[in-house]
1. Which residue pairs have Cβ atoms closer than 9 Å, lie 6 or more positions apart in sequence or on different chains, and pair a first residue in the stretch 183-194 that is under 12 Å from Leu50 (Cβ atoms) and within 9 Å of the ligand (Cβ to nearest atom) with a second residue that is open to solvent by 10 Å² or more (accessible area, probe 1.4 Å) and acidic (Asp, Glu)?
2. Quick check: is even one residue across the stretch 360-382 outside any loop (DSSP other than H, G, I, E, B), surrounded by fewer than 21 Cβ atoms within 10 Å (Cβ to Cβ) and at pLDDT below 80?
3. Within the stretch 100-133, which residues are under 20 Å from His283 (Cα atoms), within 16 Å of the ligand (Cβ to nearest atom), out of contact with any Lys or Arg (no Cβ under 7 Å at 6 or more places or on another chain) and not hydroxyl-bearing (Ser, Thr, Tyr)?
4. Can you name every one of the strands (runs of 3 or more DSSP E) wholly within the stretch 227-328 that holds 2 or more residues which are among the polar types (S, T, N, Q)?
5. When you look at Gly70, is it open to solvent by 40 Å² or more (accessible area, probe 1.4 Å), over 23 Å from Asp310 (Cβ atoms) and either in contact with a Ser or Thr (Cβ under 8 Å, 6 or more places away or on another chain) or modelled with pLDDT of 95 or more (or both), yes or no?
6. Give me a count of the residues in the stretch 277-296 that are open to solvent by less than 30 Å² (accessible area, probe 1.4 Å) and either in contact with a Pro (Cβ under 7 Å, 6 or more places away or on another chain) or within 13 Å of the ligand (Cβ to nearest atom) (or both).
7. If the requirement is being basic (Lys, Arg) and not assigned by TED's automatic domain parsing to the domain that holds Val235, which of these qualifies: Arg144, Arg110?
8. Output the qualifying pairs, or none if there are none: Cβ atoms under 8 angstrom, residues six or more apart or on different chains, first residue in the stretch 128-148 and farther than 18 Å from Thr250 by Cβ, second residue among the aromatic types (Phe, Trp, Tyr) and more than 9 Å from the ligand (Cβ to nearest atom).
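The values are calculated or read from the model by the stated rules, or taken from the named source; none is laboratory data. These figures come from a predicted structure and were not determined experimentally. Cβ atoms come from the backbone with ideal geometry, glycine included; neighbour counts cover every protein chain shown. With ligands, DNA and RNA removed, areas are computed over all heavy atoms of the protein, side chains included. Shrake-Rupley method; radii C 1.70, N 1.55, O 1.52, S 1.80 Å.
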Amino acid sequence: MAKRRKTQIVVVGGGAAGLGLVRKLGARYSRDTHDIILIEKNRTHVWKPLLHEVAAGALDANADEVGYGGHAARWNYRFFNGSLERIDRERQMVVTSPLIDEDGEVVVDRHEIRYDWLVLALGGVSNDFGIEGVREHAMFLESRRQADRFRRRLLNACLRLNETRQHDDSTATLPICIVGGGATGVELSAELVSSAKALRSYGLEVFDDSAVKVTLLEAGPRLVPALPEDVSEKVEDQLRALGVEVRTDTMVTKVTPGRVEMQDGRAIEAKLLLWATGVRGDHALSEMSDLELSDQGRIVVEPTLRTPADPRIFAIGDCCHCVLEDGEPPVPPRAQSAQQMGDHMVAQLHRAQRGEPLTPFVYRDRGALVSLSRFTAMGSLMGNLVGGRMAIEGRVARFAYMSLYRLHIISVHGWRRGLVHIFSHEVNKVTRPALKLH
Ligand SMILES: Cc1cc2nc3c(=O)[nH]c(=O)nc-3n(C[C@H](O)[C@H](O)[C@H](O)COP(=O)(O)OP(=O)(O)OC[C@H]3O[C@@H](n4cnc5c(N)ncnc54)[C@H](O)[C@@H]3O)c2cc1C
């Protein structure tokens, strides 16, 4: 008797949406009937909302990363280390580009992987709005590699400044500019102030927190528009109190090495420039397939998360453009929506395989929170438990902020192992140094 072919479910991208999904699919299906494959270009996963802490040296990512290989072995799926290059919809194949090492040698050749069901969870990239010089001269915070690069450049710049202050000019400063007053820009600004305060005890004798001048530029009228107006105001006040120069209604028009030009004709110096202005789809998406893309280059999906063009392809998380009700804005690109979409896909794929009607995704907005480093956290919670929207700050907000990370850990490792990971993360916080700047 001919052996029955296994159902092959391919998930591309092991971030907030994809990693929890493959774990749950691996736990649900037997290897005899299903082949669950995760294609991911990196070998380890670091939860994206922690990247500003990695960039400022407040978090040692090595201690918090998840190795895909080990995770796959534990959770009954296959990990393929590669980057999606193209989707061949006719043949139901994904093509991955060759994996090249630092010496330019091919490690893994171009591959074709068959799928019965394909879930794209590729995340997004920062939107540079085509502004001149941004791609060439700004840094971004989209991956662990970029966060590490920012931290190395920050440390080198601080060491140089320390030398200058010691020998030439005791009042010299390091101007850092962050463009984008959303959660990433706000959180990184506060984290940089915190790191600067700590540097003096790390061998930079003439360094103090006045040495680092952080400027945060936002094109809109207020910071973190996802938060209620009064909370946004408090965030701005708090940042100013920390010494961050906040400029709202400020549009950047051009970036050159070390300089940021603004629409009003003024310009500021920036030894380090970080660009964090919202999320768009990866620029390469239009070459990967003929799937419909939104204005922001994200993959258009129906409320069921399925692509209109292909019933076998779904997209979740930051890479998808999902409007649940006509006239409503799309589901926001956030960790909580990515995680919820990943959870929804587990049952959705089961329904799709059985030919049952698909159910629409329901987004539960739990609120928005920003962490201002060790100083405080602020935001608002949503839900029946708090009777609508409730503003919170301080320890309660910090706890709620960390809960999102803890939920991610549980989604990735399951309850039992997840709780052990959370415990060891807390223990690590006590034993590891406050700053990791190497
Ligand atoms: C600094 C920072 C702070 C943030 N803070 C918050 C916060 O406080 N709250 C909140 O809700 N959200 C926050 N976000 C947003 C949140 O991190 C994202 O919304 C969330 O990670 C999206 O999940 P995702 O799975 O769609 O994408 P990601 O988590 O980005 O995962 C995408 C994965 O796809 C992989 N990939 C990409 N292209 C390819 C390819 N071609 N082939 C193979 N693999 C590929 C990537 O390597 C990555 O692992 C923050 C983001 C940043 C950068």
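1. Glu187/Glu53; Leu188/Glu53
2. Yes, the stretch 360-382 contains at least one residue that is outside any loop (DSSP other than H, G, I, E, B), surrounded by fewer than 21 Cβ atoms within 10 Å (Cβ to Cβ) and at pLDDT below 80.
3. Result: Val119, Leu120, Ala121, Leu122, Gly123.
4. The qualifying strands (runs of 3 or more DSSP E) are 252-256.
5. yes
6. 5
7. Just a single option satisfies the conditions, and that option is Arg110.
8. Sorted first by the residue in the stretch 128-148, then by its partner, the pairs are Met139/Phe150; Met139/Trp275; Phe140/Trp275; Leu141/Phe150.
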